[in-house]
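Participant: The structure under discussion is supplied below as structure tokens; questions concerning it will follow.
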Amino acid sequence: MPHAIAHQESALAQIIDQQINLPGNFTTAISGLTLFRREQPSAPAVCMIEPSLILVARGEKRLWIGGESYSYNPSHFLITSLDLPANSEVLAATAEQPCVGLLIKLEVNMLAELIAHSGAPAVHDRTSGKGVGIGTATPALLGSIGRLLSLLEEPEAIPVLAPMILREIHYRLLNSDQSLRLRQITSVDGQGHRIARAIDWLKLNYKAPLRIDDLAARVQMSTPTFHHHFRQLTAMSPLQYLKWLRLNEARRLMLNTHLDVSRAAFAVGYESPSQFSREYGRLFGTAPRKDIALLRGCALSATGQDPAV
């Protein structure tokens, strides 16, 4: 079995090598599938992860969330069930043996449908675990991912076959050691589902003043319970999460639309540019103007984020 898995991992890396030969993140013709390549280790970089499966086919990466680290490699995939602010770093990569892998966005509706069709008992544990975990790659999961990647060489088959294979990948995940994490987030009466709804609201209303009591009531939770489960799942308080959203959007505005610091601060809901600059420096490690100058000088991505963590 270990030999078979190693062969599958090598085959995945070869397919990705054939698709991309430069460092970076690359969207594909398959909706929700991103490939990535890194040729050297890197320090942790700020990123936002959507509900995703991330698999490294060669090399090793590490994700930091709230001071906890999650390392993943060809034998262990990373899975996230919520939109989570994090820091991502590359641990093992060279030009000769680049770190390559893929990200597949998870469809929560598809997971819920598969759970309903499976006839499996509902998850009655209303407590919420963390929104991120490390799973063990199985031959069945790697095989389905390999078939999905192979469609990149057969683009005319993508519209017909990709949806079926993506459905299979979701099914394999529901039968993996990360099943409970995914089942909790799809359970409509669970705390994880309610926190996901709160996060969706924050993403749409990040400019507005935040009243925690009102947001907790919106998702039908008491304020103390809401605080507890929000922090448990995201490793942040709701206010810290809101600040993260505002600061990253301001960074994008300054980088893409050339807003100055004050206008960017006001655009994302800050009332004080000086407070904005202090909190920006704490998150990104340097003052806004210097950070944007460095980003432009290094020709980094417009969002300053790494979606393929």
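The values are calculated or read from the model by the stated rules, or taken from the named source; none is laboratory data. Since we're looking at a predicted model, the values are computed, not measured. Heads up, the Cβs are rebuilt from the backbone with ideal geometry, glycines too, and the neighbour counts pull from every protein chain shown.
Participant: Can you find, within the range 156-185, the residue that is nearest to Gln240 (Cα to Cα) among those that are modelled with pLDDT under 95 and under 17 Å from the mean Cα position of the chain (by Cα)?
Facilitator: Of everything passing the filter in the range 156-185, Ile185 is nearest to Gln240 (Cα to Cα).
Participant: Picking from Arg296, Arg278, Arg246, which residue would you name as being of a type in the set (Lys, Arg), under 21 Å from Leu204 (Cα atoms) and either at pLDDT below 95 or not assigned by TED's automatic domain parsing to the domain that holds Pro51 (or both)? Let's see the steps before the verdict.
Facilitator: Working: Arg296 fails: under 21 Å from Leu204 (Cα atoms); Arg278 fails: under 21 Å from Leu204 (Cα atoms).
Answer to the selection: Arg246.
Participant: Same structure, new question: Taking the range 53-76 only, how many residues are modelled with pLDDT under 95, among the small types (Gly, Ala, Ser) and touching a Ser or Thr at 6+ places or on another chain (Cβ under 9 Å)?
Facilitator: 2
Participant: Quick test for you: out of Glu39, Glu9, pick the one residue that is assigned by TED's automatic domain parsing to the domain that holds Glu96, over 15 Å from Val90 (Cβ atoms) and touching a Pro at 6+ places or on another chain (Cβ under 8 Å).
Facilitator: On the way: Glu39 fails: over 15 Å from Val90 (Cβ atoms).
Of Glu39, Glu9, the one residue that is assigned by TED's automatic domain parsing to the domain that holds Glu96, over 15 Å from Val90 (Cβ atoms) and touching a Pro at 6+ places or on another chain (Cβ under 8 Å) is Glu9.
Participant: Further, regarding this structure: Filtering the range 89-120 down to residues that are among the small types (Gly, Ala, Ser) and crowded, with 22+ Cβ neighbours inside 10 Å, which residue is nearest to Arg38 (Cα to Cα)?
Facilitator: So the residue we want is Ala93.
Participant: Do the conditions hold for Gln275, that is, is it in a helix (DSSP H, G or I) and closer than 25 Å to Ala43 by Cα?
Facilitator: no
Participant: Right, here's the next one. Looking only at the range 282-293, filter to residues that are touching a helix residue (DSSP H, G or I) at 6+ places or on another chain (Cβ under 8 Å) and assigned to a helix (DSSP H, G or I); which one of those is nearest to Trp244 (Cα to Cα)?
Facilitator: Leu283
Participant: Give the number of residues within the range 39-73 that are outside any strand (DSSP E or B) and buried (at least 22 other Cβ atoms within 10 Å of the Cβ).
Facilitator: Count: 1.
Participant: Kindly establish whether Ile30 is over 12 Å from Arg58 (Cα atoms), assigned by TED's automatic domain parsing to the domain that holds Leu103 and in contact (Cβ under 8 Å) with a residue 60 or more places away in the chain. Let's see the steps before the verdict.
Facilitator: Working: over 12 Å from Arg58 (Cα atoms): yes; assigned by TED's automatic domain parsing to the domain that holds Leu103: yes; in contact (Cβ under 8 Å) with a residue 60 or more places away in the chain: yes.
Here the answer is yes, as Ile30 does meet what is asked.
Participant: Restricting to the range 183-234, name every residue that is closer than 27 Å to His117 by Cα, surrounded by fewer than 21 Cβ atoms within 10 Å (Cβ to Cβ) and touching a Ser or Thr at 6+ places or on another chain (Cβ under 8 Å).
Facilitator: If the condition is that a residue be closer than 27 Å to His117 by Cα, surrounded by fewer than 21 Cβ atoms within 10 Å (Cβ to Cβ) and touching a Ser or Thr at 6+ places or on another chain (Cβ under 8 Å), then His193 is the only one that fits.
Participant: Among Leu161, Leu142, Leu182, which is touching a helix residue (DSSP H, G or I) at 6+ places or on another chain (Cβ under 8 Å), within 21 Å of Arg38 (Cβ to Cβ) and assigned to a helix (DSSP H, G or I)? Step through it out loud before you land on a result.
Facilitator: Numbers: Leu161 fails: within 21 Å of Arg38 (Cβ to Cβ); Leu182 fails: within 21 Å of Arg38 (Cβ to Cβ).
Matching residue, one of Leu161, Leu142, Leu182: Leu142.
Participant: Moving on to the next point. Find the helices (runs of 4 or more DSSP H) located wholly in the range 223-270 whose residues include 3 or more that are in contact (Cβ under 8 Å) with a residue 60 or more places away in the chain, and list them.
Facilitator: Result: 223-234, 238-256.
Participant: Being of a type in the set (D, E, K, R), farther than 29 Å from Glu89 by Cα and modelled with pLDDT under 95 is the requirement here; does Arg194 meet it?
Facilitator: yes
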